[in-house]
Amino acid sequence: MEQITMTKKRLEKTPSTKTTFKVLNEVTEVIPREHYEFITKPETLKWFRCLGGTETAERSYTCRGYNITRLTSTSPDKKIKVIREFKFI
């Protein structure tokens, strides 16, 4: 069973500026391949985009092939941002 390390950062926009964010929390967990595939499915990303936010997927070459290594989600009001970084074990 393949394991993937996911680091999830939750950021909040600083009220005094337009472009800076402060980190609310950071969590690192090991997830199975099936969970990773569900998070990064094109249908899942499309569904979140339809809610009004933005979903940005960055791909790069890994030991398991050309996969999504960073997923950035921004809320519709642009105040909360969640960054998920994946590392393949």
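The values are calculated or read from the model by the stated rules, or taken from the named source; none is laboratory data. Keep in mind that this is a model prediction, so the values were computed, not measured. A quick note on method: Cβ atoms are made from the backbone with ideal geometry, for glycine too, and the neighbour counts reach across all protein chains shown. Accessible surface areas use protein heavy atoms only, side chains included; no ligands, DNA or RNA. Shrake-Rupley method; radii C 1.70, N 1.55, O 1.52, S 1.80 Å.
Would you confirm whether or not the stretch 45-55 contains a residue that is surrounded by 12 or more Cβ atoms within 10 Å (Cβ to Cβ) and touching a Lys or Arg at 6+ places or on another chain (Cβ under 7 Å)?
Within the stretch 45-55, one or more residues are surrounded by 12 or more Cβ atoms within 10 Å (Cβ to Cβ) and touching a Lys or Arg at 6+ places or on another chain (Cβ under 7 Å).
Which of (1) open to solvent by 60 Å² or more (accessible area, probe 1.4 Å); (2) among the hydrophobic types (A, V, I, L, M, F, W, C); (3) modelled with pLDDT of 90 or more does Phe86 not meet, given it meets every other one?
(1)
State the number of residues belonging to the stretch 58-74 that are surrounded by 15 or more Cβ atoms within 10 Å (Cβ to Cβ) and among the small types (Gly, Ala, Ser).
Our first condition is that a residue be surrounded by 15 or more Cβ atoms within 10 Å (Cβ to Cβ); within the stretch 58-74, this holds for 67-69, 71-74.
Filter once more, so that each one left must be among the small types (Gly, Ala, Ser): 73.
Here the count works out to 1.
Would it be correct to say that Leu24 is open to solvent by less than 30 Å² (accessible area, probe 1.4 Å) and either in contact with a Lys or Arg (Cβ under 9 Å, 6 or more places away or on another chain) or not in a strand (DSSP E or B) (or both)? Spell out how you get there, then give the answer.
Values: open to solvent by less than 30 Å² (accessible area, probe 1.4 Å): no; either in contact with a Lys or Arg (Cβ under 9 Å, 6 or more places away or on another chain) or not in a strand (DSSP E or B) (or both): yes.
No: the conditions fail for Leu24.
For the stretch 27-44, what are the residues that are hydrophobic (A, V, I, L, M, F, W, C) and open to solvent by 30 Å² or more (accessible area, probe 1.4 Å)?
Result: Val27, Val30, Phe38.
Among the residues of the stretch 11-20, which ones are surrounded by 15 or more Cβ atoms within 10 Å (Cβ to Cβ) and either in a loop (DSSP other than H, G, I, E, B) or modelled with pLDDT of 95 or more (or both)? Don't jump to the end; show me each part of the working.
Initially, the stretch 11-20 is screened for residues surrounded by 15 or more Cβ atoms within 10 Å (Cβ to Cβ), giving 11, 13.
Matches in the stretch 11-20: Leu11 only.
For Thr7, indicate whether it is closer than 14 Å to Ile89 by Cα and not in a helix (DSSP H, G or I). Talk me through it step by step, then tell me what you get.
On the way: closer than 14 Å to Ile89 by Cα: yes; not in a helix (DSSP H, G or I): yes.
Yes; evaluated as a whole, the condition is true for this residue.
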